[in-house]
Amino acid sequence: DAGVTQSPTHLIKTRGQQVTLRCSPKSGHDTVSWYQQALGQGPQFIFQYYEEEERQRGNFPDRFSGHQFPNYSSELNVNALLLGDSALYLCASSLDRLNTEAFFGQGTRLTVV
Amino acid sequence: QKEVEQDPGPLSVPEGAIVSLNCTYSNSAFQYFMWYRQYSRKGPELLMYTYSSGNKEDGRFTAQVDKSSKYISLFIRDSQPSDSATYLCAMSLAGGTSYGKLTFGQGTILTVHP
C-alpha cells in the first residue's frame, strides 16, 4: 500500500499565479482533508471532501478551492497567490469523516516569491 | 487565545529518559484526542488516539486525557534517538459544524541524544 501520495513535492510560484496540488488517498479511504502548515506551526484545516463534495471548511478565503474525483483523489487549488501562502500543504485521508485515524501524505512545499 | 496550546520546546533529553509532552485546550466539546509524530520534511504520522477521558498505552507510548482540566499528555518511556521529531497534539469534535476537523497544537520539538 503506497499510503497517501501528494504531488508535486516542491513548487515555486510567483505572486498572483495559480497553483494546483494533487493527492491520492490511501487505498480504501474515501475522505480527504487538506491542511496548511506554516514553518514552526501546527497544521491548519483548510477543508474536507467526502463523496465529491466539500463537507467542512476552515477559515480560509475563497481563493482556496478543491475538488474530489470519483476515485477519491483530490486537488487543492489556490488562486491569486500571496507571499503568505508559502507553506507545507498536507493531504490527509481516512476511512470516515471523524478523522480519528487520518493518514497524512509527505506534503507539498509551496514557495511563493 | 488559540484553541489548543502546546509548548513548542525545544525539549532535549538523554537516551532512556521518560518524556512528557502536554497540551491544553479551551473547547470543552472536543471528544477525540490524537498524538502525531512528524519527522523533518515528512507528513505527520499518527501515534495514537483516545476518545474522551482516560489512558491509553501502546508500547513505549502512553496517552492521558483529563477533560476536567482540559489537559492531555503523551509519555514516552525509554526514549530513543529515533524518537527525535516534532510531536503534535490534535483534537476533534464528535459532531456539529466542525465535525471531522482536526485542530492541532503548535508542536513540540523533541531531541533525544545518545
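The values are calculated or read from the model by the stated rules, or taken from the named source; none is laboratory data. These figures come from a predicted structure and were not determined experimentally. With ideal geometry, Cβ positions are generated from the backbone for all residues, glycine too; neighbour counts draw on all protein chains shown.
When the stretch B:62-95 is filtered for residues that are small (Gly, Ala, Ser) and either within 13 Å of B:Asn27 (Cα to Cα) or part of a strand (DSSP E or B) (or both), the ones remaining, listed by number, are B:Ala63, B:Ser68, B:Ser69, B:Ser73, B:Ala85, B:Ala90, B:Ser92, B:Ala94. Does A:Thr100 satisfy the criteria of being within 14 Å of chain B (Cβ to nearest Cβ) and either touching a Cys at 6+ places or on another chain (Cβ under 6 Å) or touching a residue at least 24 places away in the same chain (Cβ under 8 Å) (or both)? It is false that A:Thr100 is within 14 Å of chain B (Cβ to nearest Cβ) and either touching a Cys at 6+ places or on another chain (Cβ under 6 Å) or touching a residue at least 24 places away in the same chain (Cβ under 8 Å) (or both). Put simply, of B:Gly43, B:Gly9 the only residue that is in contact (Cβ under 8 Å) with a residue 24 or more places away in the chain, within 14 Å of chain A (Cβ to nearest Cβ), surrounded by 15 or more Cβ atoms within 10 Å (Cβ to Cβ) and assigned to a loop (DSSP other than H, G, I, E, B) is B:Gly9.
One residue stands out among those in the stretch A:36-55 that are without any contact (Cβ under 8 Å) to a residue 24 or more places away in the chain and in a strand (DSSP E or B): the one that is surrounded by the most Cβ atoms within 10 Å (Cβ to Cβ), which is A:Phe45. The residues in the stretch A:7-40 that are closer than 22 Å to A:Val113 by Cα and at pLDDT 95 or above can be counted, and the count is 20. Of all the numbered requirements in (1) modelled with pLDDT under 95; (2) within 11 Å of another protein chain (Cβ to nearest Cβ), B:Ser68 misses one, and that requirement is (2). Scanning the stretch A:56-71 for residues that are at pLDDT 95 or above and part of a strand (DSSP E or B), which turns out farthest from A:Asp30 (Cα to Cα)? Here the residue is A:Phe64.
Within the stretch A:11-29, the residues that satisfy the criterion of being assigned to a loop (DSSP other than H, G, I, E, B) and either on the phi < 0 side of the Ramachandran plot or in contact with a strand residue (DSSP E or B) (Cβ under 6 Å, 6 or more places away or on another chain) (or both) are A:Thr14, A:Arg15, A:Gln17, A:Gln18, A:Pro25, A:Lys26, A:Ser27, A:His29. A count restricted to the stretch B:49-63 and to residues that are in contact with a Leu (Cβ under 8 Å, 6 or more places away or on another chain), surrounded by 13 or more Cβ atoms within 10 Å (Cβ to Cβ) and not β-branched (Val, Ile, Thr) stands at 2. Residues that are modelled with pLDDT under 95 and in a loop (DSSP other than H, G, I, E, B) within the stretch A:72-102 comprise A:Leu95, A:Asp96, A:Arg97, A:Leu98, A:Asn99, A:Thr100, A:Glu101, A:Ala102, listed in sequence order. So, of the residues in the stretch B:87-111 that are facing chain A (nearest Cβ under 7 Å) and at positive phi, which turns out to be modelled with the highest pLDDT? Per the criteria, the residue is B:Gly107. Among the residues of the stretch B:18-27, some residue qualifies, meaning at least one is more than 14 Å from chain A (Cβ to nearest Cβ) and exposed (fewer than 12 other Cβ atoms within 10 Å of the Cβ).
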